[in-house]
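Input: a single structure, listed below in structure tokens.
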Number of protein chains: 2
Amino acid sequence: MTPMVFEVVRIGQRVVRDDRVTTHVALVARAFGANTIFMTEVNPDIKETLEKINKTWGGDFSIEFIDSWKSLIKLKKENGFKIIHLSMYGEKINDIQFDLRKEENLLIVVGAEKVPREIYEFADYNVGVGSQPHSEISALAILLDRLQLGSQFDKVFSGAKRKIIPTKKGKIVEMNETRD
Amino acid sequence: MTPMVFEVVRIGQRVVRDDRVTTHVALVARAFGANTIFMTEVNPDIKETLEKINKTWGGDFSIEFIDSWKSLIKLKKENGFKIIHLSMYGEKINDIQFDLRKEENLLIVVGAEKVPREIYEFADYNVGVGSQPHSEISALAILLDRLQLGSQFDKVFSGAKRKIIPTKKGKIVEMNETRD
């Protein structure tokens with residue numbers, strides 16, 4: 001079976017006010033096995049933060065800046081991606097997860113507080129991670145965990161300078177500095 | 001089987017800078033079946049936000065302000081709670097989740113960027129939701145989801161003015177206003 005491909009697009013965020021939340025969304029995308037996050041109008045510091053994380057902790061996760069989320073969605077659909085929109089109004093993840101796992105290429109749309117109404121129509125799946133308000137950060141994490149059944153945590157992040165060895169107490173880090 | 005009891009304590013956050021992240025941590029605690037979140041030195045607006053959410057979406061989730069997380073942990077231990085500290089350095093959640101599910105009363109410690117070293121000793125379990133940096137918001141969500149195997153999303157939040165009816169497209173909300 002070919003492994004699923006996950007890409008994420010962040011929409012509707014407000015620069016500055018949502019920067020930390022957007023950074024956490026990007027970190028979750030990376031740590032939970034997505035390849036890329038697409039963003040419009042975003043603070044360039046976020047890209048820098050993620051590049052530093054890649055350098056230290058490995059992998060080649062990328063942030064791509066885009067002009068229009070609509071064009072991106074159309075392009076991805078033409079390329080065989082299915083679109084999942086995370087929304088507290090969507091179908092129950094506990095029920096729909098089995099269908100989602102049959103897909104191959106997924107573009108996950110993560111909105112901020114307000115999203116354009118059209119997105120509900122563009123999406124192949126509107127998925128609710130529960131029907132109570134919480135956070136786009138937790139919604140994305142749960143979706144990616146349910147899709148991969150936890151296997152994302154076994155993924156190797158190649159080229160890491162530091163690697164954590166899980167332990168009961170304290171911190172154990174394998175250091176693989178390539179210079180100095 | 002008695003249902004597990006979950007309480008959360010947020011430590012190490014910086015007022016203002018971490019306010020939105022702390023709010024999202026509280027929202028996740030509520031939406032994922034915890035009863036209470038304890039906090040030190042926090043912006044009172046966060047309590048107000050959560051009280052508004054309770055009014056609209058139901059349930060009796062509470063925020064309690066405390067002076068010392070250490071005293072809280074000691075008290076909870078005396079009352080039979082086990083302490084789980086979420087840390088990217090901890091034991092793999094994929095392995096430890098089976099042991100955690102056997103516990104009855106859990107206090108979950110959610111740190112911000114820096115946490116006091118002692119917490120690793122106080123904790124009965126140091127649990128890593130993966131070994132890559134992401135977010136305390138996603139870490140808490142994954143832990144609570146794994147502990148309850150998704151059943152938290154079927155929990156009834158009593159007294160709600162609004163209740164979402166999950167749907168494929170758009171938004172369906174059952175309105176139960178008690179006055180006007």
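The values are calculated or read from the model by the stated rules, or taken from the named source; none is laboratory data. Quick caveat: nothing in here was measured; it's all calculated off a predicted structure. Heads up, the Cβs are rebuilt from the backbone with ideal geometry, glycines too, and the neighbour counts pull from every protein chain shown.
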In the stretch A:139-159, residue farthest from the chain's Cα centre (by Cα) [restricted to those that are surrounded by fewer than 20 Cβ atoms within 10 Å (Cβ to Cβ) and at negative phi]:
A:SER158
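When you look at A:LEU107, is it surrounded by 12 or more Cβ atoms within 10 Å (Cβ to Cβ), at pLDDT 95 or above and assigned to a helix (DSSP H, G or I), yes or no?
Values: surrounded by 12 or more Cβ atoms within 10 Å (Cβ to Cβ): yes; at pLDDT 95 or above: yes; assigned to a helix (DSSP H, G or I): no.
Spelling it out, it is not the case that A:LEU107 is surrounded by 12 or more Cβ atoms within 10 Å (Cβ to Cβ), at pLDDT 95 or above and assigned to a helix (DSSP H, G or I).
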Considering only the stretch B:160-176, I want to know if a residue exists there that is crowded, with 18+ Cβ neighbours inside 10 Å and touching a helix residue (DSSP H, G or I) at 6+ places or on another chain (Cβ under 8 Å).
yes
Only one of A:ILE11, A:ILE37 is under 23 Å from B:ARG17 (Cα atoms), crowded, with 17+ Cβ neighbours inside 10 Å and among the β-branched types (Val, Ile, Thr); which?
A:ILE11
When A:ASN54 is run through (1) under 11 Å from the mean Cα position of the chain (by Cα); (2) outside any loop (DSSP other than H, G, I, E, B), the failure sits at (1)
Are any residues in the stretch B:23-66 within 11 Å of another protein chain (Cβ to nearest Cβ), touching a Lys or Arg at 6+ places or on another chain (Cβ under 6 Å) and without any contact (Cβ under 8 Å) to a residue 60 or more places away in the chain, and if so, which ones?
B:PHE61
Could you tell me how many of the residues in the stretch A:57-95 are over 19 Å from A:MET4 (Cβ atoms) and assigned to a loop (DSSP other than H, G, I, E, B)?
4
Among the candidates A:GLU113, A:GLU104, A:GLU118, A:GLU78, single out the residue that is acidic (Asp, Glu) and in contact with a strand residue (DSSP E or B) (Cβ under 8 Å, 6 or more places away or on another chain).
A:GLU104
Subset of the stretch B:21-51 [assigned to a loop (DSSP other than H, G, I, E, B), modelled with pLDDT under 95 and not hydrophobic (A, V, I, L, M, F, W, C)]:
B:THR40, B:GLU41, B:ASN43
Reported set for the stretch A:153-180 where residues are polar (S, T, N, Q) and under 26 Å from B:THR22 (Cβ atoms) is none
Of the numbered conditions (1) outside any helix (DSSP H, G or I); (2) out of contact with any Lys or Arg (no Cβ under 6 Å at 6 or more places or on another chain); (3) hydroxyl-bearing (Ser, Thr, Tyr); (4) at the interface with another protein chain (Cβ under 8 Å from one of its Cβ atoms), A:SER138 fails exactly one; give the number of that condition.
(1)
Determine which member of the set A:GLU121, A:GLU136 is within 15 Å of the chain's Cα centre (by Cα) and either over 19 Å from A:MET4 (Cα atoms) or modelled with pLDDT under 95 (or both).
A:GLU136
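Results for (1) surrounded by 13 or more Cβ atoms within 10 Å (Cβ to Cβ); (2) closer than 23 Å to A:SER151 by Cβ; (3) more than 17 Å from the chain's Cα centre (by Cα); (4) of a type in the set (Asp, Glu), shown as yes or no for each residue.
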residue	(1), (2), (3), (4)
A:ILE66	yes, no, no, no
A:ILE73	yes, no, no, no
A:PHE81	yes, yes, no, no
A:TYR89	yes, no, yes, no
A:LYS92	yes, yes, yes, no
A:ILE96	yes, yes, yes, no
A:GLU103	yes, yes, no, yes
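Could you check how many residues of the stretch A:118-135 are free of Cβ contacts under 8 Å to residues at least 60 places away in the same chain, within 15 Å of B:PHE153 (Cα to Cα) and at the interface with chain B (Cβ under 8 Å from one of its Cβ atoms)?
Residues meeting the conditions: 7.
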Name the residue, out of A:LYS102, A:LYS163, A:LYS155, that is out of contact with any Cys (no Cβ under 9 Å at 6 or more places or on another chain), more than 11 Å from chain B (Cβ to nearest Cβ) and over 25 Å from B:GLY33 (Cβ atoms).
A:LYS102
Since A:VAL115 meets every condition but one in (1) modelled with pLDDT of 95 or more; (2) crowded, with 16+ Cβ neighbours inside 10 Å, which condition does it not meet?
(1)
Determine whether B:GLY170 is at the interface with chain A (Cβ under 7 Å from one of its Cβ atoms), free of Cβ contacts under 8 Å to residues at least 40 places away in the same chain and either of a type in the set (Gly, Ala, Ser) or not in a loop (DSSP other than H, G, I, E, B) (or both).
yes
Hits in the stretch B:5-22 (condition: without any contact (Cβ under 8 Å) to a residue 60 or more places away in the chain and either at the interface with chain A (Cβ under 10 Å from one of its Cβ atoms) or among the aromatic types (Phe, Trp, Tyr) (or both)):
B:ARG17, B:ASP19, B:ARG20
